[in-house]
Every structure is written in C-alpha cells, then in structure tokens.
1. How much of the accessible area of the chain, in percent, comes from carbon and sulfur atoms when a 1.4 Å probe is used?
2. Mind giving me the FRET efficiency for Q195 and V47? R0 is 30 Å, r the Cβ-Cβ distance, nearest 0.05 is fine.
3. For T268 paired with A209, estimate the spin-label separation in nm (one decimal), with each label point 7 Å from Cα along the Cα-to-Cβ line.
4. Which Cα, out of I293, Y304, Q265, lies furthest along the positive dipole direction of the chain (beta carbon charges, K/R +1, D/E -1)?
5. Using a 1.4 angstrom probe, figure out how much accessible area the range 66-206 has per residue, in square angstrom, rounded to the nearest whole.
6. Assuming a ≥ b ≥ c are the square roots of the Cα gyration tensor eigenvalues, decide whether the range 16-110 counts as rounded (a/c under 1.5), prolate (otherwise, with a/b larger than b/c) or oblate.
7. Taking square-rooted eigenvalues a ≥ b ≥ c of the alpha carbon gyration tensor, is the range 322-380 rounded, prolate or oblate, where a/c under 1.5 means rounded and, failing that, a/b exceeding b/c means prolate?
8. Quick one: if the Förster radius is 45 Å, what FRET efficiency do R29 and I345 give, using the C-beta to C-beta distance and rounding to 0.05?
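The values are calculated or read from the model by the stated rules, or taken from the named source; none is laboratory data. If you're wondering where the values come from, they're calculated on a predicted model, not measured in any experiment. For neighbour counting, all protein chains shown are included, and Cβ atoms are generated from backbone atoms with ideal geometry for every residue, glycine included. Each accessible area value is taken on the protein alone, full model and side chains, heavy atoms only, with ligands, DNA and RNA left out. Shrake-Rupley method; radii C 1.70, N 1.55, O 1.52, S 1.80 Å.
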Amino acid sequence: MQKYTVDMKILIFGGAFNPVHNEHVNMFRAAYEYLGCDKAFIVPTAVSPHKSGQMQASSQARLEMCRLAFGGFGGAEVSSFEIDNGGASYSYITCSHFKELYPDAKLYLLMGADMFATFSSWKNPRRILDCVTLAVAGRQGNRPLSDSLAQFNKNFPDRVEFINYTGSEISSTAVRVKAALGYDISGEVPQLVAQYAATNAIYLNKKLAEAQTLLKPKRAAHSLRVTIMAAKNCMRVNCAEEKAVTAAALHDAAKNLPGDSKFLQGFTPPEGVPEPVLHQYSGAFLAENYFGITDADILNAIRYHTSGRANMSPLEKLIFLCDMLEEARDFDGVDDLRSAFYADIDRCFDLSIAHQYKYLLSMGKPVYNLTKQAYEYTLSDKT
C-alpha cells in the first residue's frame with residue numbers, strides 16, 4: 001500500500017460519467033501530468049444534482065466503465081464513495097471525505113470549463129475550497145476561462161490551477177443518444193468502454209434503433225442530429241431525456257415509407273394534408289401502432305412536428321424547433337433563429353412559425369390550416 005506524505009498531490013475527478021468518454025480520459029491525463037500528481041480518485045456520482053432526468057446507466061455499469069477507461073493509469077483508483085452513499089452527490093461531501101482521509105496531502109478537484117463557470121451555484125462551494133484547490137481545464141465551445149475566473153474571484157479569493165489543456169467537443173449526452181439509437185460509439189469512448197456498452201446494451205433502445213433502419217441514410221443522419229439537439233435541451237422545457245429522445249428519434253420514422261408499407265396498414269391520413277406534412281401523421285401512427293408508444297405528449301410531438309399547431313406543449317415545441325434548426329439546416333435566417341432558440345424557446349417558436357408561414361406564402365405554396373392557426377395564435381393574447 002502506498003504511503004502518503006505531506007507533499008503528496010492527489011487528484012479528485014468526479015462526475016456522472018454517463019458514459020465516460022475520451023475527453024474525460026484526456027483531460028484527466030493532462031491534469032495528472034501537469035500537476036505532478038501521485039494519486040487520483042475517479043468518483044462516479046450516485047445522482048448528479050444538476051443532471052436529473054437523464055437516461056442513466058446503472059451505478060455498477062458506470063463504475064465498471066470507469067474502471068475500464070482509467071485502468072491503464074497506475075496511480076488512478078475508481079472510488080464508489082458517492083454511489084455507496086446514495087442519493088444526490090455533492091462535491092463538498094466528497095472533498096471533505098478525502099480531506100479527512102489524507103489531511104496532509106495537497107488535494108485538487110478536477111473540472112472542465114463548463115463546471116467552473118457554474119461553481120458559485122454549487123452547494124457549499126466555500127467548504128469545497130476549504131478542502132481542495134480547483135484544477136480547471138478549458139474546452140472548445142465554452143466561454144473564455146478568463147470570464148469565469150473574473151466571476152469566481154468576485155466570490156472567492158482562492159487560487160485556481162488552470163491546466164495547460166483545451167479539450168475537444170465530446171458530449172456524454174450525444175454519446176448516450178448514439179448508443180440508444182444503435183450507432184457505434186467507439187470513436188467517442190475508450191475501446192474497452194465501447195465493447196462493454198455494446199455487449200451489455202447499456203443504453204440501447206431497441207425500438208428506437210429499429211426505427212432508424214426504416215430511414216434512408218441522409219434522413220437517419222438528420223434524425224440523429226435532431227435527437228441529440230433535443231436531448232441536450234430537454235431540461236430547458238422540464239422534459240425527461242428519455243421522453244425527448246423517444247419523440248425526436250421517431251419524429252421522421254415514417255418519412256421514407258411508401259403508403260402501402262406493411263408498417264402503415266390501417267393508417268388513414270386526415271383530409272387536406274399537403275404532401276410535405278403527411279409524414280407527421282403517418283409517423284405518429286407508426287409510433288403508436290408499431291412501436292407501442294402510448295404517451296400522448298410524445299405522439300403529439302411527432303404528429304405536429306412539421307406543421308406546428310396552436311398552443312403546443314413544451315415537448316411539441318422542442319421537437320418542432322430541433323427538426324427545423326438542427327445544425328445541418330441551411331436557410332436564410334436560420335442563424336438568427338438558432339440564436340433565439342438558445343435564448344428563449346417560446347420566443348423562438350413564435351419567430352420560427354412566423355418564418356415558416358411567411359416563407360410558404362412567399363413561395364406560393366399551400367399553407368396547412370394548422371400552421372396558419374399556429375401563426376395566428378402567436379399573434380394573439382395567450383394569457
């Protein structure tokens with residue numbers, strides 16, 4: 001057993017690791033080497049306070065994936081401390097635990113730029129800083145670390161170590177979605193983790209994976225982008241990730257099916273539906289009658305994702321907007337609408353319906369009655 005001395009440096013790396021991915025490993029390696037650490041503890045959460053509602057691998061699966069991912073580091077140990085405690089996992093409790101175990105060691109708490117930006121809102125941040133020094137790594141797509149440091153310094157006159165490393169854009173949410181829909185995730189996670197997740201179907205949703213096989217490759221790629229966008233933003237509309245993922249993954253499931261497909265036997269479309277809108281109705285029929293979806297909100301999100309309608313639910317708006325604004329969409333005004341989406345989803349929906357309505361009119365195309373009603377509803381007093 002390794003002997004601990006007063007000059008020993010110990011790195012603590014906590015997180016949901018749902019799943020652990022390559023950037024977790026790369027950031028950990030960079031911090032461990034940059035700080036000259038002697039020992040490290042990787043600590044998967046039991047329940048992450050900021051990430052409730054996610055599609056969640058079991059605690060044991062996340063522990064095993066971490067062991068596989070970090071097993072090559074001689075000084076690294078995966079700790080079940082937070083999982084054994086159960087309930088919501090708070091860093092101040094974990095940091096206090098390791099400070100009690102190793103009172104004479106120098107402790108660092110590793111985090112990315114996104115977590116550092118929100119540190120002041122964590123529970124008992126002062127108690128965390130009484131135990132550890134923050135070790136922060138940059139990440140592409142986040143606001144500059146200098147901005148976060150200025151905010152941090154307003155509240156805490158503590159030292160922060162910035163790691164000489166800027167990670168690339170890998171999202172655990174995107175990895176979960178890809179795995180749920182049956183895609184290969186070996187490019188985003190360590191090979192042993194990819195094999196374990198595939199062998200044990202850790203995130204796989206067989207219904208959603210099957211739905212992707214009904215789509216042509218270009219449409220399937222669109223469906224994946226929509227689903228990732230919906231998963232990343234579902235908490236903003238107070239919707240559980242699995243529910244948003246289900247609606248998004250099935251929203252275009254009938255898009256490439258012919259009218260006489262065996263999957264659509266018994267389907268009768270409403271009268272007066274323009275051809276570009278028809279698949280939202282056949283998609284809802286497919287979701288309910290073949291894939292067994294019974295949640296009315298999910299079915300309605302599929303049923304109205306192209307046309308919109310008046311007084312849409314938050315999930316309906318989310319799927320409508322993700323379908324319209326996913327990253328591969330390219331039309332005049334899309335960048336402004338995307339900016340609006342990340343600022344205010346309700347406002348963005350009003351702007352997007354108006355954009356769609358006016359575009360159809362300008363092109364001399366038929367405006368479906370639900371789209372017209374949705375547009376008129378955005379202009380009315382909704383109180």
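1. Values: 8740 of 17980 Å².
Ligands and nucleic acids excluded, carbon and sulfur reach 49 percent.
2. Details: r = 27 Å, r/R0 = 0.89.
Efficiency, rounded to the nearest 0.05: 0.65.
3. Output for this residue pair reads 3.7 nm.
4. I293
5. 48 Å²
6. Numbers: a/c = 1.88, a/b = 1.22, b/c = 1.54.
Oblate, because a/c is 1.5 or more while a/b does not exceed b/c.
7. Numbers: a/c = 2.27, a/b = 1.30, b/c = 1.75.
The shape class here is oblate.
8. Numbers: r = 37 Å, r/R0 = 0.83.
With R0 = 45 Å, the Cβ-Cβ based efficiency is 0.75.
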